[in-house]
Every structure is written in structure tokens, then in C-alpha cells.
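Structure record follows, encoded as C-alpha cells.
Every number in this text was worked out from the coordinates using simple rules, so none of it is lab data. Nothing here was measured: the structure is a model prediction, and the numbers come from that model. Note that we place each Cβ from the backbone using ideal geometry, even for glycine, and neighbour counts take in every protein chain shown.
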Amino acid sequence: MHALSATSAVAFPPSLAPWALSLAFAVAVAASFLIKLWLSSRQMRHVAQHRAAVPAAFTGTVSLPAHQKAADYTIARGRVGLLHLSLDTLLLIGWTLLGGLDLLNRWMIEALPMIGPMGYQLALLAGFAVISGVLDLPWSIYSTFRLEQRFGFNRTTLRLFLMDGLKGLVIGAVIGLPIAALILWLMGAAGNAWWLWAWSAWMGFNLLMLVVYPTVIAPLFNKFEPLADVALRDRVQALMDRCGFAAKGLFVMDGSRRSAHGNAYFTGLGASKRVVFFDTLLARLNAGEVEAVLAHELGHFKRRHVLQRMVLMFALSLVGFALLGWLSGQASFYLSLGVRPNLDAPNDALALLLFLLALPPFTYFLTPLMSYWSRKHEFEADAYACAQASGADLSAALLKLHEDNAGTLTPDPWFARFYYSHPPASERLAAIAAQPVSARAFAGQPA
């Protein structure tokens, strides 16, 4: 018996024919690839066709050079994205149908016979993650130091880039390996209902990360300083008070160390919630515009969008774990995806990896539904912001952020409906303009 032998022999019940599952997977991969190719091509053509002139709705507010920069940035990203998509699709087929994961698995078993079943499984997960990271590294380097650099967004140095990668690797090992070990242990020890226990552990881990991330992990990558502008701090605090929102602090993040893009966000859970502004955002927007952007983010909390998304994440992950629980006991699941199940070692890590590889081509077709739901939330958050702050300030802030982030004003309608989590600028500004004017729009300070 091999040194990595499991506690009992592997026995799979009768299941579907492997060829049927292979065909279903191949069809999903091909269909998702062709749709992505079609949509991306439409987007680039549409943006290029409307590059020469600023849309009438934005005449006088967006300059032609800014509009053309956004168009060029969108097209450049699209071209790189198509190449990345093609190679990623080939890589997915290589890992699965062409036997790449099976080859890695066999090599791990032969090369590491002394580390035991759990050690082998963690090594397989870590090995796959490292190889995937190395293969994706050229894209990350090109995106940061060529594409973003070309359009004036990159501020990351090579040293900072390497340090971020090293920190990410260490944090991934420190955090990821223990939770992976726990899930693998539950898969082998918790019986037929292991997936329910594993789901509970995974949800608990995610909730813990919401509490720990703002104060432990995020500061490893960025500096967070308390908001020093007294007038802005008082204005923001007044907004949160009248919205009934409590935060542990207002912080400014040194986003300019890495990028010229700006943003603001809430992070944390419960008493650990923080409001974070990118320094690039504060440098670009005036006080009223910052208040309006923050009112929009508060709208997501007041309209329970954050809670809804958490519930959906919990529900979808439960379905995912249940599906994995069934598939992991089907020999055809492994064979149809180019992997021979282990006869003298656990198959739990293999099942996890195969599931994570095979699922995206199928769930891709849910993208337009999720995008629609997200855009609906954005409209609702904008409406809330218009009631709590100035709609004119919100519109001005959105235009500035669109310009600073080189967001195209002329997306292809099909592409936008399929992918956009936020409404196109024209639709969003029109909806804001249709909102009743709040009394606070005329006030020099918050009511």
C-alpha cells in the first residue's frame, strides 16, 4: 500500500457516463468563450465608432481629449483582455480535459510520499495555486507597468509590486492553508453531510475576515490615517448621524502609492465598520461631492443591499457545497474532467480543484442577472444619496470619477447589459436628474 493511502479504499457508486459530462463541460467552455469574444468585440467596435465626438449629453462637461482617452483605454484593455481570455481558456482545457491536473496530482503523490494524506492534499492545493499565480504573473506585470502606465494610472514601483506579491503569498499561506485543512478534514471525517459542516465553516471564516480584514490585513498593504480635514469630517459625521449609520472611524488610504484611480468604501462588520477614502478621491472632489459619494455608499446599507448580497452569497455557496458533496462521490466527475481518481490517497483536494475549475463556465451565464440586480441597487443608492445630499454634487462627482478612471461614456448596449454592475453614465445621470431636489442641495452645509 502506498504511503499516502487513505483510511479506506475508494469506492464510487454508479454515476453518469464520463463522456456526457465531458461534453457538457466542453459545450459550456466553448459557449462562454464565444459569448465573451462576441461581447468584447462589440464593445471595442462600438467605442471606436463613437470616439470622434463627445456624446451630446456630456457636451460642455467632458472634454474631447478626456473622452478619447477613455475610448483608447477601453479599447486597449479589450484587446489585452481578448488575448488573456484565449490563453485562459486554453489553460482551463489544459488543466482539465488534457490532463494537466492529473499530471500534477500524480507527480505530487510520487514526489511527496512521506507527508501523509493531509500534507499531500495541502501540497496539491498550494502547488496548483503557485503554478496558477506564476502563469498569471506576466498579465499582472503587463497590466500594471505597460497598460496602466501608458494611460497615466500606474504609480506602483517594481519594489512595491514585488512586496505586495510576497505579502499576498505569505498571507494566503497563513490564512488559506488552515481553512483549507479544516474543509479537507471535514470532507474526510464528517460523513455524507460533510458539505453542510464545510459550508458552515466557510461562512464563519468569511464573517471573521469581515471583522479582521480592516484592522489586521489591509494595513499590511496601505497606510490608513484618520481624516484630518475638520470641516469635511464634521460634514461626513453629520451625514452619517442623520442616516443612522455608526462607523468606528473615518480614514484616508494612500491609494496614490499604487494608482491614480480614486474610490471610497465601507469595510468591516458590526462595530468594526470603517469609512475609507482614497487620497486620490479627496484630492479630486470638493466637500459636497465627497458627501454625495458617501451618501450613495450609505444608501447601499440603508436599502439593505449589503445584507441582501451576503444572504445571496450564503445561499449560493450552500448550493455549491451541496453540489460538490454529490459530485465528489461520482467517479465520472473526475474522469470526465481528465483526472483519474486516487485509489490509495484521498480525493478531496482533487474534487475541490476540479470543482473550482469546472464551475465558472456554467455560472458565467448567470452574469447578466447578477449585473441587472447590481445596477438596480446602484439606482436605489443614487436615489437615497439625492435625498440625503445634493444630486448635482453626486452627478459632478460621478463625472469626475468617470474621467479620472477613463470610463467610457459610449459602451455597447449589449456589453453593458451583460457585464456592467453600475449603470452606464448616461442612464445614471439621467436618473439622478429625475430625482426630486433635496432641500440640502441648496444648503451650504448639511442640514
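How long are the semi-axes of the equivalent ellipsoid of the range 202-331, taking √(5λ) for every eigenvalue λ of the Cα gyration tensor, in whole Å from largest down?
Its equivalent ellipsoid spans semi-axes of 34, 17, 13 Å.
So in the chain, what percent of DSSP beta bridges are antiparallel if you round to the nearest 5?
Details: 8 of 12 bridges.
Restricted to the chain, the bridges split so that about 65 percent are antiparallel.
So how much slack lies between Ala30 and Ala246, counting 0.36 nm per residue of separation and subtracting their Cα-Cα distance, in nm?
So the chain would gain 73.0 nm between Ala30 and Ala246.
Angle, helix 305-327 long axis vs. longest principal axis of the chain, Cα atoms, 0 to 90°, nearest 10?
Its long axis makes an angle of about 10 degrees.
By how many degrees, 0 to 90 and rounded to 10, does the Cα axis of helix 230-243 deviate from the longest principal axis of the chain?
70 degrees
For the chain, give the magnitude of the charge dipole about the Cα centre (Cβ charges: +1 Lys/Arg, -1 Asp/Glu; no others), in debye to the nearest 20.
That gives a dipole near 560 debye.
DSSP loop (so not H, G, I, E, B), at most 16 other Cβ within 10 Å: list which chymotrypsin sites (Phe, Trp or Tyr not before Pro) in the range 85-138 pass both filters.
Values: sites: Trp95, Trp107, Tyr120, Phe128; in loops: none.
Answer by residue number: there is no such site.
Note down the nm distance, to one decimal, between modelled labels 7 Å out along Cα→Cβ at Met313 and at Lys223.
In this crude label model, Met313 to Lys223 measures out at 3.0 nm.
What's the angle, to the nearest 10 degrees (0 to 90), between helix 177-189's Cα axis and the longest principal axis of the chain?
Its long axis makes an angle of about 50 degrees.
Need one number: nm distance between label points at Ile175 and Thr215, each 7 Å from Cα along Cα→Cβ, rounded to one decimal.
1.6 nm
Taking the Cα atoms of the range 157-198, report the difference between the largest and smallest coordinate on each principal axis, in whole Å and largest first.
Between the extreme Cα coordinates on each principal axis of the range 157-198 lie 50, 12, 9 Å.
Which of Ser200, Leu137, Leu281 sits closest to the plus end of the dipole of the chain, meaning its Cα is farthest towards the positive end, when Lys and Arg get +1 and Asp and Glu get -1 on the C-beta?
Leu281
Where does the chain land at 222 nm, in deg cm²/dmol rounded to the nearest 500, when only DSSP H runs of n ≥ 4 count, each adding -39500 (n - 2.57), divided by all residues?
-21000 deg cm²/dmol
What ranking do His46, His296 get, fewest neighbouring Cβ atoms within 10 angstrom at the top?
Listed from fewest to most nearby Cβ atoms, that is His46, His296.
Just list whichever of Lys167/Lys248; Lys69/Lys400; Lys223/Lys302; Lys302/Lys376; Lys248/Lys302; Lys273/Lys302 have alpha carbons separated by over 22 Å in the model shown.
Violating the 22 Å Cα-Cα cut-off are Lys167/Lys248; Lys223/Lys302.
Would you mind computing, in nm to one decimal, how far apart the modelled labels at Thr267 and Thr157 are, each placed 7 Å from Cα along Cα→Cβ?
According to this spin-label approximation, the distance is 2.2 nm.
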